[in-house]
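See below for the structure under consideration.
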Amino acid sequence: MENVIGVVLIALAVLSTAWDIKTYRIPNWLTFGGMTAGLVMGGIANGLQGVQSSLTGLLAGGLILLPFFLLGGMGGGDVKLAAAFGAIGGAYFVFNALLIGAIAGGVSGIIVLFVKFGIVGAFKKLYWDLAALFVKVKPAVNEKMVLPYGVFLSLGAVLSYFVGGVLIAL
């Protein structure tokens, strides 16, 4: 069963990455399909306890990213993808995957910010974006930066699958 779980997880990661890079969207059929597969595989592997573990992972993955979606920092597909990874791997797995994904996405975002705006422009954008969180201000750099975050979630999930809970154990 472990091999089947790995194949489903990698297939979900590859498909969602390709879709997110191409369209900046992750389709519902893919995320809900991943959630369903995770719940079914959990039930087959460990009965009711497996379904409970998958459901806990699903809720953990979705609820951790929900505030970022509500604040406009990421799309709903990213939240549903995290929930699907949680359903497949469980809560501990999705925590590790989200941590790896956040690190990879943060580093990539900083690199893109500096490449796109230069050093001074990047700091201006960061300043005005942070100020806008607390006060209604008109930004000096009025250009939105979008990264396909599903790519980083998928990277985190695949690395977490192969490496295990190394980062959380530290």
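The values are calculated or read from the model by the stated rules, or taken from the named source; none is laboratory data. Keep in mind it's a predicted model, so treat the numbers as computed, not measured. Cβ atoms come from the backbone with ideal geometry, glycine included; neighbour counts cover every protein chain shown. Note: accessible area is taken over every heavy atom of the protein model, side chains too, but ligands, DNA and RNA are not part of it. Shrake-Rupley method; radii C 1.70, N 1.55, O 1.52, S 1.80 Å.
Summary of computed values
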| item | result |
| --- | --- |
| Any chance Ser108 is hydroxyl-bearing (Ser, Thr, Tyr), at pLDDT below 95 and assigned to a helix (DSSP H, G or I) | yes |
| Selection count where residues are under 12 Å from the mean Cα position of the chain (by Cα) and part of a loop (DSSP other than H, G, I, E, B), scope region 74-90 | 2 |
| Flag for Ala91 being touching a residue at least 40 places away in the same chain (Cβ under 8 Å), of a type in the set (Gly, Ala, Ser) and open to solvent by less than 40 Å² (accessible area, probe 1.4 Å) | no |
| Which numbered condition Phe69 misses (of (1) without any contact (Cβ under 8 Å) to a residue 12 or more places away in the chain; (2) in contact with an Asp or Glu (Cβ under 8 Å, 6 or more places away or on another chain); (3) open to solvent by less than 70 Å² (accessible area, probe 1.4 Å)) | (3) |
| Flag for Val107 being more than 30 Å from Lys125 (Cα to Cα) and not aromatic (Phe, Trp, Tyr) | no |
| Test set (1) part of a helix (DSSP H, G or I); (2) surrounded by fewer than 18 Cβ atoms within 10 Å (Cβ to Cβ) - Ala97 fails condition number | (2) |
| Meets criteria (assigned to a helix (DSSP H, G or I) and surrounded by fewer than 19 Cβ atoms within 10 Å (Cβ to Cβ)) for Ala102 | yes |
| Any hit, region 67-75, residues being closer than 20 Å to Leu99 by Cα and touching a helix residue (DSSP H, G or I) at 6+ places or on another chain (Cβ under 6 Å) | yes |
| Which listed residue, of Lys80, Lys138, Lys144, Lys116, is open to solvent by 20 Å² or more (accessible area, probe 1.4 Å), at pLDDT 85 or above, on the phi < 0 side of the Ramachandran plot and among the basic types (Lys, Arg) | Lys80 |
| Number of positions in region 96-133 that are in contact with a Gly (Cβ under 6 Å, 6 or more places away or on another chain) and among the charged types (D, E, K, R) | 0 |
| Condition met for Phe85 (among the aromatic types (Phe, Trp, Tyr) and either farther than 25 Å from Gly38 by Cα or surrounded by fewer than 23 Cβ atoms within 10 Å (Cβ to Cβ) (or both)) | no |
| Tally, over region 22-51, of residues that are in a helix (DSSP H, G or I) and surrounded by 15 or more Cβ atoms within 10 Å (Cβ to Cβ) | 15 |
